[in-house]
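Data first, discussion second: the structure below is written as structure tokens.
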Amino acid sequence: MMKRSILPVAGLLAGLLALPLAAKLPAPSDEAKAKAAETAAKTAHGAKVDNYKLCLAMDRVAAGYQAAAKKAGKAASAPTETPACADPGPFVYTPAGAASAPAVAAPAASAAVARK
């Protein structure tokens, strides 16, 4: 009987101790945001690569099925037309700020030339 009354008290105590951990975290730094964006881009590229590999595997299975049916003398249904497998290529990450940085530097360089 004593053990049953201790469990709710222990749970309440654990909940009270966890309250400071539930405090709001500070906003992430620009570096952390950039790293998160790069990680998201890598994850998205990985999904594209996985879909490409799955597409190739499905094509191999379909070709094997068609060949086996033809070899056995069975009439296999015509393959369903699907879009060709698109290779996503290697992962290349271009940060959002890097694309606009050269455009900002170019007017400053032309202004320096105009002063001479």
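Against the numbered list (1) closer than 18 Å to residue 93 by Cβ; (2) open to solvent by less than 100 Å² (accessible area, probe 1.4 Å), residue 42 comes up short only at (2). In this structure, residue 26 qualifies as modelled with pLDDT under 95 and either under 25 Å from residue 96 (Cα atoms) or of a type in the set (Gly, Ala, Ser) (or both).
The values are calculated or read from the model by the stated rules, or taken from the named source; none is laboratory data. None of these values were measured; they are calculated from a predicted model. Ideal geometry is used to build each Cβ from the backbone, glycine not excepted, and the neighbour counts take in all protein chains shown. Just so you know, the surface numbers come from the protein's heavy atoms only, side chains and all, with ligands and any DNA or RNA stripped out. Shrake-Rupley method; radii C 1.70, N 1.55, O 1.52, S 1.80 Å.
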